[in-house]
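The values are calculated or read from the model by the stated rules, or taken from the named source; none is laboratory data. Keep in mind that what you see is a predicted model, and the values were worked out from it rather than measured. Note that we place each Cβ from the backbone using ideal geometry, even for glycine, and neighbour counts take in every protein chain shown. To get the accessible areas, we keep the full protein, side chains included, count just its heavy atoms, and leave off ligands, DNA and RNA. Shrake-Rupley method; radii C 1.70, N 1.55, O 1.52, S 1.80 Å.
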Amino acid sequence: MSKLGSIGARLYRGEVGYDFVAKRKIWYGISILITITAIVGLAVRGLNMGIDFSGGAVFTTPTTSVSAEQAEETAKKASGHTAIVQKLGNKSLRIQVSELSTSDSRSTQEALAKKLDVPTEKINTDIIGPSWGDQIANKAWMGLGIFMVLVVIYLAIAFEWRMAIAALIALIHDLSITVGVYALVGFEVTPGTVIGLLTILGYSLYDTVVVFDGLKESARGITKQSRNTYSEIANRSLNGTLVRSINTTVVALLPVAALLFIGGGFLGAGMLNDISLALFVGLAAGAYSSIFIATPLVADFKERDPQMKALAKRVRAKRAAAAAKAESGAEADDRDAADDIDDEDSDADEDDDTAAAGVVGPRRQPAARNRGRGRPSGKRR
């Protein structure tokens, strides 16, 4: 068995573990700090909405030897707006300019045709109105709201309402961090971004449900014992699924990281950035929230329940009694040890007195040895 597998088995059996639930205030503080940073970034910088949401024009050129930098500069001067240029596989160019009106798009098309030395009709122009992007955004928000409601209902039925609330908070936490990172990095928000956000919500929920399922099994019949509190059982259950969560997250992050850093960064495929960044940040945030946020929140909610309070009181009383018994047993052992030492000292003193008497006066023989000395042992004949 590998070292990681051995650790996972020991975590599952409860032989080793880390107390995540007891240190929940630290995790809450870290999450609040990250969330505040994301919200501030969103408020200060805002989101870089793509052409699908802000409206604009997309120009597709025929095969050309003009570089992407030259075409970008030409489109920027002609339109007065920032242009995004991508080189396609057939050596043609795709030029995207946001917030461009119909009249401005015509002048930009003519400027590009002049720069590429091709007829204006050879440059294909697609005008995208902002209303289409608004429809996508509205439908995305509606789908997100329905998704959240269904999640809460399902978890409340399958588990309990406390777990449903904790999972909902974890999902909002993941969304806030992902959107904040998009604002801070400045990546363009496209329909691919929306798809990525919905995907990470499903993954985050899956990871959380796995942890909750183990917690539900471990907490069955919890009030019939007085060995562990709910928080301790929740922490043991979380440690039991820890290695599984880490392995799942790492395996999911590897291909996404390849898309983001190699495909989008090294190879320059910028269209991959919109969905890969959402997936990468969301997967990492989802794994973090399922371990450090969702389960500690459930423990917090459950510890407020009267039955769990009574259980915690019984556990503390039992442990206090066991500690007092152990302490009294230790004191008794100390007294027995002291008595043994005193007995040994007394025996040693008697031996010393006997030895001293033998030196000063004649040694007294036992009476049994002198009894009957000089007398015949039988009748004389």
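Laid out as a table, the results:
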item: 3J(HN,Hα) from dihedral phi, the range 206-222, Karplus parametrisation 6.51/-1.76/1.60, rounded to Hz, x for glycine, proline; result: 4, 5, 5, 5, 4, 5, 5, 5, x, 5, 4, 5, 5, 8, 5, x, 5
item: Solvent accessible area, Å² - residue 161, 1.4 Å probe, full protein context; result: 150
item: With every protein chain in place, the range 37-195: carbon and sulfur % of accessible area (1.4 Å); result: 60
item: Accessible-area ranking of 300, 126, largest first, probe 1.4 Å; result: 126, 300
item: Sites residue 73 and residue 36, calculated FRET efficiency, Cβ-Cβ separation with R0 35 Å, nearest 0.05; result: 0.35
item: Average accessible area per residue (Å²) across the range 32-92 - probe 1.4 Å, nucleic acids and ligands excluded; result: 56
item: Rounded if a/c under 1.5, otherwise prolate or oblate - the range 209-316, Cα gyration tensor axes; result: prolate
item: In order through the range 232-237: 3J(HN,Hα) via Karplus (6.51 cos²θ - 1.76 cosθ + 1.60), integer Hz, x for Gly, Pro; result: 5, 5, 4, 5, 5, 5
item: Stretch gain in nm, segment residue 150-residue 247, where the contour uses 0.36 nm per residue and the Cα spacing is subtracted; result: 32.1 nm
item: Nearest-10 value in Å² for the accessible area of residue 125, using the 1.4 Å probe; result: 40
item: Exposure rank, largest accessible area first [49, 163; 1.4 Å]; result: 49, 163
item: Cβ-derived FRET efficiency at R0 25 Å, residue 22 paired with residue 313, nearest 0.05; result: 0.90
item: Solvent accessible area, Å² - residue 325, 1.4 Å probe, full protein context; result: 150
item: Residues of the range 119-277: accessible area per residue with a 1.4 Å probe, Å²; result: 49
item: Heavy-atom accessible area ranking, 1.4 Å probe, most first, across 106, 316; result: 316, 106
item: Base-10 log of normalised Debye intensity for the range 63-131 (one unit scatterer per alpha-carbon) at q = 0.15, 0.21, 0.23, 0.27 Å⁻¹; result: -0.42, -0.84, -1.02, -1.39
item: Global form of the range 116-262, assessed from the alpha-carbon gyration tensor, a/c cut-off 1.5; result: prolate
